[in-house]
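A short write-up of the structure that comes next.
Computed from the coordinates by the stated procedures, all read-outs in this text should not be read as laboratory data. Keep in mind that this is a model prediction, so the values were computed, not measured. We place every Cβ from the backbone using ideal geometry, glycine too, and count neighbours over all the protein chains shown.
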């Protein structure tokens, strides 16, 4: 197999898959930070929740994870609305830092509940190994990778359509730009907040399903992704959903490509440390340009 | 008699751990309660302290970095210094930004540490962790050994409490409060707000490292699960919020109450068997989380509310 | 009937000491009313009191014969009162057209007629309609802000220093537009630093000092008043 194909099969494609997952998570984090003005620490665990909801659907119906995806997204969106109603809304008019504490509490409550309901064993959507599809003799793409990357593109197009073509989507961007002006303009903030939770949670659920599909399901999977997702949102600029998409892709690709033997034959970075790339990028951004590449907002 | 000793040892364990959490709660109160700094990476600083002290003091095993056989006290100091240095680095980067960024960066520290523990087996013995960490007074007979350690921990809590109370009444503490309550005014008065914040962040994180070291010596073992936020970070936050953030008595009361509740409910969940034995303990965590939410919403000043100067309303 | 009335309003931010003390203002149909006064006199605060953005210690706000004291901004907007703040008065990352659409958020039907109307008043905005509002010049932003407020065909238009930071030529243009909008029947209450120009456009004016009513009268009277002239009109 040629070097290029090795690069594509083992570095570029996994990078795109990881980037898709980060991007989907980061859009929600960025929107919530932009509109509700706080870092949502339960976002990773919402991803876990989505993944486990899909697991139940897959287990009950024996369906492909793709078919379970919409149900997991809807289920997670509904639960997110409930969480907002009972645990975040009481603080909407208060200091947002209390919301960070509340969301941190929610993160661990969600994870605890997932462990009570689904147990702590490692799970997966399918049994057995699926063969990759082979193109041009040697370009091997796992079927699930095609689904993951393809669905991410579709979901991003939907997000784009929502944010630029629908009244509520435009209002979300308006509130993110200036909450004060949005209120003075007569935009009902509470409604926009609900829409934000539904969109953010649905995308988080999708990201969670994709992680579970690509690897396996663990109750800590979402929490462990929180750092790269925040890093993606910061890289793209807080409150900028398109920045979050790009940021997620950049960090996903950077993590996978950092282990390619660019110089000599050894991996440039030991694979065990590739998730540290996200942290490094984030630290650089915080020092050099906290507003992000697309000039979001610094709070 | 055996039963009595069993209960006694349990009480000693309970009080020792509550005391160790008390040390860390004082640190978190300094960061959040008094300075408004948001640290969600407590587990990271805890683990740094635990590992540093373990490596410094444990005898040669050939399985991990260490074998220096340093005295216990030196291990504690090294743990605090290591945590403090990491805190300084993070503080330098994030202190000017809003608290959310600091919180994100602190979970980053915990995450990187998790990677190091996982990958650098030569230094940390990987998933098997470091065992046989020496505990002071462990050669004393019977319950006297843990009792002496308990007294040591409580003495540390008392000393730290005394220092922090003095610090708060000193000009340093008054500036801290002024910064938290009205930053622009403090700036206008010519105070170097960043420097004060970094100081509070370093001292608080050093106390978390100290807590990690004390725990490692107490249980004589440290493993990679020390970076798990579920226990350290989460419990500590619940302790501070329930106890009443902003005052040291509240932090200590919270540590005692929540640790007691935590341990007591463990006695109940331990009765479950089979698959449920694994799951039910998490119901306990869920309930602790629920208590946090209820306190945040309904009793935001905690069991021992901060005494506020005249004319100022609640913290939030 | 009076369009908008503030009756004995005492208000401030949060529980802090009030900024406004027993302030009374009113706006009659078809009028332009200017509120002038030194910095920190509470001029902008008086406008925010209408939108429930302040803590009212006392007094009432009436829209026509309905009391709207303390109603949240979205409700006040739904009643047809539109406000253009002095700063941050556009959504910088939204396009010009999206900014205008947000002004009519509470309308559900098609907005084409309203957009045509606003583009008719501000022709330069038409060619920039797909450009992000944050990239426009100060004067053009002011047009977007005014246009957004006009999307609802408001019963009352409230402007907070509409010419602040603009060049004299642009300020002149904005004053002319205010005249035209008012000429079409919309009553306007505005706060202005540019006191002489504002009073020459306005039918009546109020002078606030230290959060209290100090003078009131027709624009011409106030310009002629020696004390007002000495304080605000540069002698």
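Helix A:276-288 axis versus longest C-alpha principal axis of chain A: approximately 40°, rounded to the nearest ten.
Placing a label point 7 Å from the Cα of residue C:196 along the Cα-to-Cβ direction, the residues of the stretch C:143-165 whose backbone N falls under 20 Å of that point are C:161-165. Sticking with the crude label model, points 7 Å out along Cα→Cβ, report the distance from residue B:88 to residue B:192 in nm, one decimal please. In this crude label model, residue B:88 to residue B:192 measures out at 1.3 nm.
Its relative contact order, with pairs defined as Cα atoms under 8 Å and 6+ residues apart, puts chain A at 35 percent.
Report, to the nearest 10°, how far helix C:138-150 tilts away from the longest principal axis of the Cα atoms in chain C, using its own Cα long axis and a range of 0 to 90°. It is inclined by approximately 90 degrees.
Name all residues of the stretch B:139-163 having a backbone nitrogen under 19 Å from the label point set 7 Å from the Cα of residue B:4 along its Cα→Cβ direction, giving them as ranges. Only B:141-148 fall inside the zone, counting backbone N under 19 Å. Between residue B:132 and residue B:158, residue separation times 0.36 nm minus the direct Cα-Cα distance comes to 6.6 nm. Note on chain C: with a GNM built from Cα contacts shorter than 10 Å, the maximum mean-square fluctuation among C:135, C:45, C:163 falls on C:135.
What does the highest-first list of C:116-125, B:146-155 look like by mean Cβ count within 10 Å?
Values: C:116-125: 15.9, B:146-155: 18.2.
Averaged packing, sorted descending, gives the order B:146-155, C:116-125.
Inter-label distance, residue B:122 to residue A:161: 5.5 nm, where each label sits 7 Å from its Cα along the C-beta direction.
Compute the FRET efficiency between residue C:24 and residue A:92 as 1/(1 + (r/R0)^6), taking r as their Cβ-Cβ distance and R0 = 51 Å, and round to the nearest 0.05.
Numbers: r = 33 Å, r/R0 = 0.66.
That pair, residue C:24 with residue A:92, gives E of 0.95.
Averaged over the residues of A:93-103, the number of partner chain Cβ atoms lying within 10 Å of the residue Cβ comes to 5. For the residues A:220, A:56, A:265, a GNM of chain A with alpha-carbon springs under 10 Å puts the largest fluctuation on A:265.
Rounded, prolate or oblate: which fits the stretch B:2-227 when a ≥ b ≥ c are the square roots of the eigenvalues of the alpha-carbon gyration tensor, with rounded for a/c under 1.5 and prolate only if a/b beats b/c? Taking the square roots of the gyration eigenvalues as a ≥ b ≥ c, the stretch B:2-227 is oblate.
A Förster distance of 45 Å, applied to the separation of the beta-carbon atoms of residue B:266 and residue A:136, puts the FRET efficiency at 0.15. A straight chain from residue B:294 to residue B:273 at 0.36 nm per residue would run longer than the Cα-Cα distance by 4.5 nm. The Cα atoms of the stretch B:1-81 give a gyration tensor whose axes a ≥ b ≥ c have a/c of 1.5 or more with a/b no greater than b/c, which makes the shape oblate. Taking every residue in C:82-95 and counting other chain Cβ atoms within 10 Å of its Cβ, the average works out to 5.
Each of the peptides C:168-176, C:26-34 was scored by the mean count of other Cβ atoms within 10 Å over its residues; in descending order, highest first, they stand as C:26-34, C:168-176.
In chain B, Cα pairs under 8 Å separated by at least six residues give a relative contact order of 31 percent.
Label-to-label distance for residue B:63 and residue C:67 is 7.7 nm, based on points extended 7 Å past Cα in the beta-carbon direction. If you run the Gaussian network model on chain B, springs between alpha carbon atoms under 10 Å, then out of B:266, B:199, B:111 the most flexible one is B:266. To the nearest 0.05, how large is the calculated FRET efficiency for residue B:185 and residue C:137 if R₀ is 30 Å and r is the Cβ-Cβ distance? After rounding to 0.05, the efficiency reads 0.25.
Averaged over peptide A:224-232, how many Cβ atoms belonging to another chain are found within 10 Å of each residue's Cβ?
Values: counts 2, 0, 5, 8, 2, 1, 7, 2, 0.
If you average over the peptide's residues, the count of other-chain Cβ atoms is 3.
Stretched out straight at 0.36 nm per residue, the stretch from residue A:180 to residue A:242 would grow longer than its current Cα-Cα span by 20.0 nm.
Relative to the longest principal axis of the Cα atoms of chain A, the long axis of helix A:13-36 makes an angle of roughly 10 degrees. Here the contact order of the stretch C:95-231, divided by its residue count and restricted to Cα pairs under 8 Å and six or more residues apart, works out to 19 percent.
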